[in-house]
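Written below as C-alpha cells is the structure these notes are about.
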C-alpha cells in the first residue's frame with residue numbers, strides 16, 4: 001500500500017521504538033512485503049537468511065532485527081521484533097474502520113450498476129458502471145471493481161490474507177500479519193456464488209479482464225489471475241500464485257502458492273498443482289503431470305498384476 | 001422456459017434481424033437449449049456438426065447460421081450469429097428484474113414457513129408450507145421450493161448457469177449464455193449451509209424429494225438430482241449431470257457434466273466421476289473405479305518394490 | 001445438552017408414550033447421544049448390537065426398543081421407535097425459536113466487539129470481548145464465542161448436524177436427528193470467509209484457542225479441534241473427528257468422521273484421511289500415508305515401464 005502522503009523515518013522510528021541507522025531524512029511512501037516492494041517502501045526482515053534479499057531490494061526503509069551495514073541512501077530501523085513493528089504500522093496506516101450500514105458513504109458506485117439487497121459495500125470501495133452485485137455479497141474496504149462486472153450471491157471480496165507468524169513458545173502461537181492490500185477486479189469479470197477472494201498482504205489480488213469464475217472458488221491473498229481465464233466450481237488458488245491469461249482450471253483443482261501457471265494451460269478436475277506449469281499444455285493428477293503422461297501411468301498401474309504373473313511364471317519355469 | 005403466451009415467428013425474425021425460411025405462420029411457445037427442446041420451442045445451432053441433431057429435434061423454430069433445407073412444418077431463422085440472437089431473446093423474455101427489498105412482493109410463501117432475517121427471496125419465487133429458510137440465504141427469481149424444505153444459512157439457490165461461448169479473436173473472449181431456467185426443490189429436501197444450486201440454462205435444475213445435502217455443496221446448471229439422495233459436504237456436481245434416486249456421495253466428491261449416476265450408487269470421499277456409473281455399486285478413486293478394484297490396485301502398487309527386487313534378483317541369478 | 005432443571009422420568013415416559021422399567025423416581029438432567037453421555041443423561045438405542053454399550057454407559061435413562069434387564073438404579077423407557085421418541089424430546093427441550101431481527105435480544109455481546117452489518121446473531125448466543133464479526137455472518141442459537149475472535153464474512157456458525165436415520169420402506173427415507181448441541185469457539189480463534197461449522201448433535205463442536213481457519217472450511221457436527229491448529233482453504237472435517245493441538249492441514253484436505261489426528265501432525269494438500277493418524281508426522285495422499293512413503297510410491301509407479309521392459313527382455317533372452 002502507498003501512504004496518502006510521505007512519512008518521515010524519524011517519526012516511524014519513534015512510533016515503533018526502533019533505532020534509526022543510515023539516512024535520517026528519508027521520507028517513506030508506502031508499506032510492502034519483501035516480494036512486492038518498490039522505491040520508497042518500508043519493508044521488514046526478521047530472518048538472517050533473508051537479510052541480503054531485503055537489503056538489496058527496492059525497499060528504502062528496512063525494519064530489521066540486527067544492526068547490519070546500511071546500504072547507501074537507505075534507512076534501517078533496528079528493533080527486536082520487526083514483525084510486530086510492521087503490524088503496528090499497518091494498523092496505524094490502514095486501521096480497521098467499522099461500518100454501521102450496508103453501503104458505506106465513502107464508496108463510489110458507477111452509473112447503471114445494480115446493488116441487490118443485503119450487499120455490504122465497505123469503506124473506500126470503488127465499483128464501476130453497468131455491474132450487477134447480487135444479494136448478500138460482501139465487499140471489504142478498499143476493493144476496486146471495474147465495469148460490466150457480475151458478482152453472484154454470497155461471494156466475499158477482500159477478506160484478510162491468511163498469513164501468520166508462528167511463535168512456538170507462546171500459548172497463543174500464531175501472530176497475524178495484518179493485511180493492507182486490496183482486491184482489484186477488472187472489467188467484464190463474472191464471479192460465481194459463494195466465492196472468496198482475499199486481499200493481498202500489502203499488494204493487490206487481481207482478477208484479470210474477462211475472466212469467469214464459477215461458484216465456491218477460493219483465491220488467496222495476492223494471487224494474480226490473468227485475462228480470459230475460466231475456473232470451474234470449487235477451485236482453490238493459494239496466496240501469490242500467478243495464473244497467466246486464458247488458463248482453464250476444471251472443478252476442484254487446487255493450486256499451491258508462489259508459482260506460475262503459463263498462458264493457456266488447461267488443468268483437469270481435482271488436480272493438484274504443487275509447482276509452476278508451462279503454458280499451452282493439458283495437465284492432470286495430484287500431483288499434476290501432463291495429462292497424456294498421467295493417463296499412460298494409470299494404464300501402467302493396471303498392468304502390474306499381469307507383470308507379477310509373468311515374473312512368477314517365468315521364475316518357476318526358469 | 002415457456003413464454004406466457006405464444007409469439008409469432010415473424011415478430012421474432014424481425015426482433016433478432018434474421019431471414020425467415022419455412023413456416024411463416026408458426027407461433028413459438030418457449031426457448032430451449034438443444035438437449036431440452038420440446039414442441040413449440042425455439043432453439044439455436046451454430047456448428048455444422050450439430051445441424052442435423054437440431055433440425056431433427058422437437059424444436060419448432062431453429063436459429064441457424066446457414067440457410068439449409070427446412071424440415072416440413074418448421075421455421076428456420078437464418079442469421080450470422082445464432083448465439084447472440086438467442087441471448088437477445090432470453091434477455092427479452094426473461095429480463096433481469098432488480099429488487100429493492102429482501103422479500104419480493106411477487107413471491108408466494110406458504111403457511112407455517114419461517115423466513116429468518118437476512119434472507120433474499122427474489123421475484124416470482126414460490127415457497128411451500130412448513131419450510132425453514134435460515135438467515136442470509138439467497139433465492140434468485142423464479143425458483144420453486146416445495147413443502148417441509150429446510151435451507152441452511154448462506155446458501156444460494158438459482159445463480160446463473162456457468163456457460164460461456166469463447167470468441168478467441170476478441171479481447172474479451174467469453175460471451176455469456178444468459179440463463180432462463182429455474183431451480184426446483186421438491187418436498188422434504190434439506191440443504192446445508194453455504195451450498196450453491198445454479199438455475200438451468202433453459203430447463204430446470206431439480207433436487208428430488210427427500211434428498212439431503214450437507215454444507216458447501218455445488219450443484220451445476222440443469223443437474224437433476226433424484227429422490228432420497230445423500231450428499232456429504234463439499235461435493236461438486238457439474239451441469240446437466242443426472243443423479244438417480246438413493247445415490248450416496250461422500251465428502252468432496254466431484255461429478256462431471258452430462259452423465260448419469262445410477263440408482264443407489266455409493267461414491268466414497270474425494271472420488272472424481274468423469275463418466276456415467278451403473279447403479280447399485282460402490283465406487284472410489286479419481287478417476288473413479290469400483291471400490292474393491294481400486295483397493296486391489298492400491299495394494300498392487302505397494303508390491304512394485306517387491307516385484308522389482310525379484311526381477312533383478314532373478315536376472316542376476318539367471 | 002443439559003436441561004435447565006431436572007425432569008422426572010415418569011413425565012418423560014408419558015410424554016413420549018413409553019413403558020417405564022426400573023427406577024421410577026429418577027430425575028433426568030440432560031439429553032445425549034451414546035458417545036457423549038454423562039451421569040443423569042437420557043440416551044437412546046435401537047439396534048441390539050449397541051444395547052450392551054448403551055446399558056453400560058453413563059446414561060441414567062435409556063430409551064430402548066425392547067424390554068431387557070434394567071441395570072441397577074437406571075431407568076428404561078421401552079418404546080417401538082426410540083429414534084422418534086428421542087427427536088420428540090429434543091424438539092421439546094430445544095425448540096426452534098424463529099427470529100425477527102438480525103441481533104437477538106437474548107444474545108450477549110462483549111465490550112469492544114464489533115458486529116458488522118448483515119450479521120445474524122441468534123437466540124442465547126454469547127460473544128466475548130474484542131471480537132470482529134464481519135458482514136453477513138450467521139451465528140445460530142446457543143453458540144458460544146470467546147474473546148479476540150475474528151469471523152470473516154459469510155461464515156455460518158452452528159447449522160444443524162448432518163445426521164439422518166434411513167427408513168428404506170418409506171417414500172421419504174431420511175428422518176432427521178434434531179440437534180441440540182452447540183458450537184464453542186475459544187479465545188483468539190480466527191475463522192475465514194464462507195466457512196461452515198455445524199453444531200453438535202447433543203454435545204459441542206469446539207474450535208480450540210488460537211486456531212486459525214482459512215476460507216471455505218467445513219467442520220462437521222461434534223468435531224473437536226485443538227489449540228493452535230492451522231487449516232488452509234477448503235478443508236473439510238467430518239462429524240466427531242478429533243484434531244489435536246498444533247495440527248496443520250493444507251488446502252482441500254478431507255478428514256473422515258470418528259477419528260483422531262495426533263498433536264502436531266501435518267497433512268499436505270488434497271489428502272484424504274480415512275482413519276486416525278499419529279501425531280508429529282507428515283502425511284500425503286488419498287488415502288493418506290506418511291508423505292515420504294507416498295513420495296517413494298509415486299516414484300515406484302514411474303518405474304513400472306522400465307520393469308516391464310526388463311521382464312520382457314529377460315524373458316526373450318531367457
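On the basis of being out of contact with any helix residue (DSSP H, G or I) (no Cβ under 9 Å at 6 or more places or on another chain) and modelled with pLDDT under 95, does residue C:100 make the cut? Criteria met by residue C:100. For the subset of the range A:52-82 comprising residues that are within 22 Å of the chain's Cα centre (by Cα) and surrounded by fewer than 19 Cβ atoms within 10 Å (Cβ to Cβ), which member is nearest to residue A:258 (Cα to Cα)? Within the range A:52-82, the match that is nearest to residue A:258 (Cα to Cα) is A:53.
The single condition from (1) in contact (Cβ under 8 Å) with a residue 40 or more places away in the chain; (2) touching a helix residue (DSSP H, G or I) at 6+ places or on another chain (Cβ under 7 Å) that residue B:70 fails is (2).
Among the residues making up the range C:29-80, those that are under 20 Å from residue C:166 (Cβ atoms) and part of a loop (DSSP other than H, G, I, E, B) are C:33, C:46, C:47, C:65, C:79, C:80. Scanning the range A:160-215 for residues that are within 14 Å of chain B (Cβ to nearest Cβ), under 17 Å from residue A:139 (Cα atoms) and assigned to a loop (DSSP other than H, G, I, E, B) yields A:186, A:187, A:189, A:192, A:193, A:194, A:195, A:215. Answer yes or no: is there a residue in the range A:288-300 that is assigned by TED's automatic domain parsing to the domain that holds residue A:234, without any contact (Cβ under 8 Å) to a residue 60 or more places away in the chain and buried (at least 20 other Cβ atoms within 10 Å of the Cβ). Yes, that holds for at least one residue.
Candidates A:279, A:264: the one that is part of a loop (DSSP other than H, G, I, E, B) and on the phi > 0 side of the Ramachandran plot is A:264. Just give me the residues in the range A:83-102 being farther than 18 Å from residue A:30 by Cα and surrounded by 15 or more Cβ atoms within 10 Å (Cβ to Cβ), in sequence order. Answer for the range A:83-102, where residues must be farther than 18 Å from residue A:30 by Cα and surrounded by 15 or more Cβ atoms within 10 Å (Cβ to Cβ): A:99, A:102.
What number of residues within the range C:34-51 are closer than 16 Å to residue C:179 by Cβ and surrounded by 15 or more Cβ atoms within 10 Å (Cβ to Cβ)? Steps first, answer last, please.
Let us first name the residues in the range C:34-51 that are closer than 16 Å to residue C:179 by Cβ, namely C:34-37, C:41-44.
Still in the running and surrounded by 15 or more Cβ atoms within 10 Å (Cβ to Cβ): C:34, C:36-37, C:41-44.
Matching residues across the range C:34-51 total 7.
The residue of the range C:282-305 that is nearest to the chain's Cα centre (by Cα), among those that are assigned to a helix (DSSP H, G or I) and more than 9 Å from every other protein chain (Cβ to nearest Cβ), is C:291. Among the residues making up the range C:108-118, a single one is surrounded by 14 or more Cβ atoms within 10 Å (Cβ to Cβ), away from chain A (no Cβ under 13 Å) and assigned to a loop (DSSP other than H, G, I, E, B): C:110.
Entry remark, the range B:128-148: residues being within 12 Å of chain A (Cβ to nearest Cβ) and at positive phi number 1 in total. Only one of the numbered conditions (1) more than 26 Å from residue C:3 (Cβ to Cβ); (2) in contact with a strand residue (DSSP E or B) (Cβ under 6 Å, 6 or more places away or on another chain); (3) in the same structural domain as residue C:190 (by TED's automatic domain parsing) is not met by residue C:112, and that is (2). Does residue C:227 qualify as being surrounded by fewer than 24 Cβ atoms within 10 Å (Cβ to Cβ) and not in a loop (DSSP other than H, G, I, E, B)? The answer is no for residue C:227.
For the range C:94-102, check the following and say yes or no: at least one residue is in contact (Cβ under 8 Å) with a residue 12 or more places away in the chain, under 18 Å from the mean Cα position of the chain (by Cα) and within 8 Å of another protein chain (Cβ to nearest Cβ). Taking every residue of the range C:94-102 in turn, none turns out to be in contact (Cβ under 8 Å) with a residue 12 or more places away in the chain, under 18 Å from the mean Cα position of the chain (by Cα) and within 8 Å of another protein chain (Cβ to nearest Cβ). Scoring residue C:105 on the criteria (1) within 23 Å of the chain's Cα centre (by Cα); (2) surrounded by fewer than 20 Cβ atoms within 10 Å (Cβ to Cβ) leaves a single failure, condition (1).
Of all residues in the range C:149-159, exactly one satisfies the criterion of being at positive phi and within 14 Å of chain A (Cβ to nearest Cβ), namely C:154.
The values are calculated or read from the model by the stated rules, or taken from the named source; none is laboratory data. Just so it is clear, the model here is predicted, and its values are computed rather than measured. Don't worry about glycine lacking a Cβ; one is built from the backbone with ideal geometry, like all the others, and counts go over all protein chains shown.
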